[in-house]
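The values are calculated or read from the model by the stated rules, or taken from the named source; none is laboratory data. In this text the structure is predicted, and so the values were computed from the model without any measurement. Don't worry about glycine lacking a Cβ; one is built from the backbone with ideal geometry, like all the others, and counts go over all protein chains shown. Note: accessible area is taken over every heavy atom of the protein model, side chains too, but ligands, DNA and RNA are not part of it. Shrake-Rupley method; radii C 1.70, N 1.55, O 1.52, S 1.80 Å.
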Amino acid sequence: MEPLGKVGASIKGLGYGEPVRVVFRDATGDRSVVLRTVAASGYGHDRRSDRAAEVLLSFDTFGTLPAHVRAIDVGFLGSDGTPLSVRECGEPFLVTEYAEGRLYAEDLAEIGRRGAVVPLDLQRVDTLASYAAHLHREKIDDARVYVRAVRDLVGHGEGVFGITDGYPSLASDGGPSAASGVVASDGGIGVERLEAIEHRLLAWRWKLKRHVHRCRATHGDFHPFNVLFREGVDLTLLDRSRGGRGDPADDVACMTINYLFFGLRFPSAFREGYGRLWSRFWRRYLAETGDHEMLAVIAPFYAWRALVVASPAWYPDLDTSVRDRLLRFAEDALDAERLDPDRIEAEFGARSPLTPTRSPSGERGPGPEFAFRASHAPQPKPPGRKAKFVARSPLTPTLSPSGERGPGPEFAQRPIDARPLSPRRGERQGEGPGRERGELGPRQPARGSVVWLTGRPASGKTTIARALHRELAASAVASCVLDGDELRPVLVPDAGYDAPGRAAFYGALASLAWVLAEQGLVVLVAATAPSRAHRDVLRARAQASRSDGAESGPRFVEVHVACDEGVCASRDPKGLYAAARRGEVSTLPGAQVAYEAPLHPELTVDTSNASVQDTVAAVRRALAITRT
């Protein structure tokens, strides 16, 4: 035997192994072969499975290239050093024990059907949080292991790059490819959007590499489809993955994003169901580990897991709006400094199941930050795309001591262009078809508008407002959303829901909307305002402004968001209809308090069956042609 690693004065200082020449004699005479092994070093060879994959690939490919040495055999060394050939073997297999039990995912689906958790659900989430906390106590003092785990997070076939490659791709004409059947041009998932997420994750990879001290034992795929429960809290885990070592944030993100995922699929069960599981897991885990640093590093792990559960390949029957919501969660996570677990329950639980979607190009307007605290560091942009700047309002989102969210209108930086939109997206009347969006040429004076979306609770007012806000931002139209439920505790914290309390609140809301509209914004008010008098205040202001000769004063557009009461009650994202049936609420508009529908609105939309996209398109048309 003769080592063949270095011959003479080689300039190569490193190889993946040291081949050995073996000389032996058989019936044909003396023969020579080369025995190759792979060193257990870095470069993706640190695990036995890596080295096995390397030699198997060499055996399969060496003989396919002309003038290349042939691979004669491939195998493993036994415990006593005896070589064991596998050259005649086909696909590998694994035999494990059989474990009885029911998948935890079935528990979560049952919560959706039931609408709330039961005591056993709380006991099991405690068990899962404690299991993860105990597992993560095992420290791994090897920086290379952590760096490898971070690299796999982004570049592995089961990591971000592999998952995004599994998304259906857009055809060259911008429509869905024949193979996909999923990606649509109406705000669905686009290649540009996935590319932008990947670019942000590359920046996070370098940030995470500074946290090698966090390396711990992990499960690696700690999600509800890999957990079996028997009676009570007796459990068995399945399918440990990715080497079982890395950042504990991987396991925590993997499990907890499923509470959000199921909550989006069963929105009426979020407040009393999945939201409680989310909060309980986080509180238990942090109490047992004290790992508050995780809140600053978990974002890329959430982004990866969101890409998985939003994937049309993994979940082909998922509603497009749910995919969009999950990807927005990933995008907001990557742009933020740290997670605030206590806020996300309010963020997800307060939103309608009708969720806003993307523009056809996949561009993103300003939107909620889903419990992540914003980062002021510049974020990398994918090559070839123009930077999109968004300015936040001085009315920044806040939380009251009870956890309620304060005002959060989010403004696009450019002032409104009042010219009607032409049928070509991104153009306005007076622009040439070859002009880039944003190069608007001579501008007319800015004219703001108040668009008041009124309707029964759960009719979809806020959903429409936020979706329209995003579309207007993509068209360089400055707008903001004033959500009644978010602003009430700030504008009139002591007012009740009786007639005087409602009059005080809607008066303050109308005044705020008018002031913002006078600055040239399209103000999207999402508020029930059950009395016509509440809304007519602004109509009277707009008419008075016109009678004074102020042609550029704000316009008033009243949109009646009509929806069958039964449909609203079935959505019920805030549990108001259920609370009214239990006698816990006595002032629900349209049920216990009269709701006065507009007599002559600029637009009526019925959201019982209409899509969010169609409704938003109708409101945009009303913005271009209004009476007031």
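Quick rundown of the values:
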{"quantity": "Residues (open to solvent by 20 Å² or more (accessible area, probe 1.4 Å), farther than 23 Å from residue 531 by Cβ and modelled with pLDDT of 90 or more) located in the stretch 436-470", "calculated": "466"}
{"quantity": "Filter result for residue 542 (crowded, with 18+ Cβ neighbours inside 10 Å, at pLDDT 90 or above, aliphatic (A, V, I, L, M) and out of contact with any Leu (no Cβ under 7 Å at 6 or more places or on another chain))", "calculated": "no"}
{"quantity": "Those helices (runs of 4 or more DSSP H) lying entirely in the stretch 28-143 with at least 1 residues at pLDDT below 95 and closer than 30 Å to residue 209 by Cβ", "calculated": "48-61"}
{"quantity": "Residues of the stretch 554-568 that turn out to be surrounded by 21 or more Cβ atoms within 10 Å (Cβ to Cβ) and part of a helix (DSSP H, G or I), as a count", "calculated": "1"}
{"quantity": "Selection count where residues are in contact with a Cys (Cβ under 7 Å, 6 or more places away or on another chain) and open to solvent by 10 Å² or more (accessible area, probe 1.4 Å), scope the stretch 476-532", "calculated": "2"}
{"quantity": "Neighbours by Cβ (under 7 Å, 6+ apart or cross-chain): first from the stretch 274-297, in a helix (DSSP H, G or I) and β-branched (Val, Ile, Thr); second surrounded by 20 or more Cβ atoms within 10 Å (Cβ to Cβ) and at pLDDT below 95", "calculated": "297/208"}
{"quantity": "Count - residues of the stretch 310-324 that are open to solvent by 10 Å² or more (accessible area, probe 1.4 Å) and in a helix (DSSP H, G or I)", "calculated": "3"}
{"quantity": "Among the residues listed as 58, 49, 41, the single one being open to solvent by 60 Å² or more (accessible area, probe 1.4 Å) and within 30 Å of residue 150 (Cβ to Cβ)", "calculated": "49"}
{"quantity": "Boolean, residue 607 is surrounded by 15 or more Cβ atoms within 10 Å (Cβ to Cβ) and over 30 Å from residue 265 (Cβ atoms)", "calculated": "no"}
{"quantity": "The stretch 276-294, residues that are among the aliphatic types (A, V, I, L, M) and closer than 17 Å to residue 258 by Cβ", "calculated": "277"}
{"quantity": "Unique match (being modelled with pLDDT of 90 or more and crowded, with 21+ Cβ neighbours inside 10 Å) among 251, 291", "calculated": "251"}
{"quantity": "Total residues in the stretch 512-547, condition of a type outside the set (A, V, I, L, M, F, W, C) and free of Cβ contacts under 8 Å to residues at least 40 places away in the same chain", "calculated": "5"}
{"quantity": "Matching residues in the stretch 65-95 - criterion: being polar (S, T, N, Q) and open to solvent by 100 Å² or more (accessible area, probe 1.4 Å)", "calculated": "79"}
{"quantity": "Of the criteria (1) open to solvent by 40 Å² or more (accessible area, probe 1.4 Å); (2) touching a Ser or Thr at 6+ places or on another chain (Cβ under 9 Å); (3) modelled with pLDDT of 50 or more, which one residue 170 fails", "calculated": "(3)"}
